[in-house]
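Down below is the structure, laid out as structure tokens.
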Amino acid sequence: MLRINDTITIADWELSEQFIRASGPGGQNVNKVSTAVELRFEAERSPALPDPVKRRLRRLAGWRWTGEGAIVIQVQDTRSQARNREIARERLAELIREACVVPKRRVATKPTYGSVKRRLEGKKVRAAVKAGRGKVEGED
């Protein structure tokens with residue numbers, strides 16, 4: 001069972017793990033032992049997540065979101081299979097926690113009178129500089 005916050009808990013049957021061989025350093029161990037973990041969470045079908053959280057999770061997950069609506073997280077940070085498993089679960093929990101936060105709505109504000117004046121004054125200065133450039137009248 002993976003506890004996200006006070007209201008959301010993900011059951012073990014919603015998660016599936018597959019162990020694969022990791023790349024990188026590790027000597028002979030890397031060729032023999034499958035230490036990397038691929039954690040799969042069927043987010044789209046999960047009864048634990050409300051719809052707004054699923055929508056935000058889909059946007060946050062990006063390329064980790066599959067066409068079937070699952071999140072796939074691969075970890076091969078350490079040589080320990082158990083530690084890689086923990087890291088994968090932590091990353092999934094953090095991603096879901098991020099999706100639980102409702103973004104603040106942006107309130108459109110009007111630019112101040114002074115900022116508008118400064119912007120227009122700057123445009124006039126640039127226009128004058130550019131107007132000063134041009135072809136030189138023929139000096140024979």
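For residue 128, indicate whether it is small (Gly, Ala, Ser), under 30 Å from residue 76 (Cα atoms) and without any contact (Cβ under 8 Å) to a residue 60 or more places away in the chain. Criteria not met by residue 128. Residue 19 fulfils the conditions (1) free of Cβ contacts under 8 Å to residues at least 24 places away in the same chain; (2) in contact with a strand residue (DSSP E or B) (Cβ under 9 Å, 6 or more places away or on another chain) except for a single criterion, (1).
Is there a residue being more than 19 Å from the chain's Cα centre (by Cα) and either in a helix (DSSP H, G or I) or acidic (Asp, Glu) (or both) anywhere in region 17-26? Yes, some residue in region 17-26 is more than 19 Å from the chain's Cα centre (by Cα) and either in a helix (DSSP H, G or I) or acidic (Asp, Glu) (or both). Only one of (1) in a loop (DSSP other than H, G, I, E, B); (2) touching a helix residue (DSSP H, G or I) at 6+ places or on another chain (Cβ under 7 Å); (3) more than 17 Å from residue 12 (Cα to Cα) is not met by residue 44, so which one is it? Here residue 44 meets the rest and fails (3). Is it fair to say residue 62 is free of Cβ contacts under 8 Å to residues at least 12 places away in the same chain and outside any loop (DSSP other than H, G, I, E, B)? Yes; evaluated as a whole, the condition is true for this residue.
Applying the selection to region 65-105, what residues are in a loop (DSSP other than H, G, I, E, B), of a type in the set (A, V, I, L, M, F, W, C) and surrounded by 13 or more Cβ atoms within 10 Å (Cβ to Cβ)? Selection gives 70 alone. Checked against (1) over 30 Å from residue 9 (Cβ atoms); (2) surrounded by 10 or more Cβ atoms within 10 Å (Cβ to Cβ); (3) not acidic (Asp, Glu), residue 130 meets all criteria but (2). Annotation note: Cβ proximity below 6 Å between a residue of region 69-97 that is closer than 17 Å to residue 23 by Cα and in contact (Cβ under 8 Å) with a residue 24 or more places away in the chain and a residue that is assigned to a helix (DSSP H, G or I) and not polar (S, T, N, Q) (sequence gap 6+ or interchain) occurs for 73/88; 73/91; 73/92; 75/87; 75/88.
No lab work stands behind these numbers, since they all come straight from the coordinates. Bear in mind that the values here come from a model prediction, so they are computed numbers and not experimental data. Cβ atoms come from the backbone with ideal geometry, glycine included; neighbour counts cover every protein chain shown.
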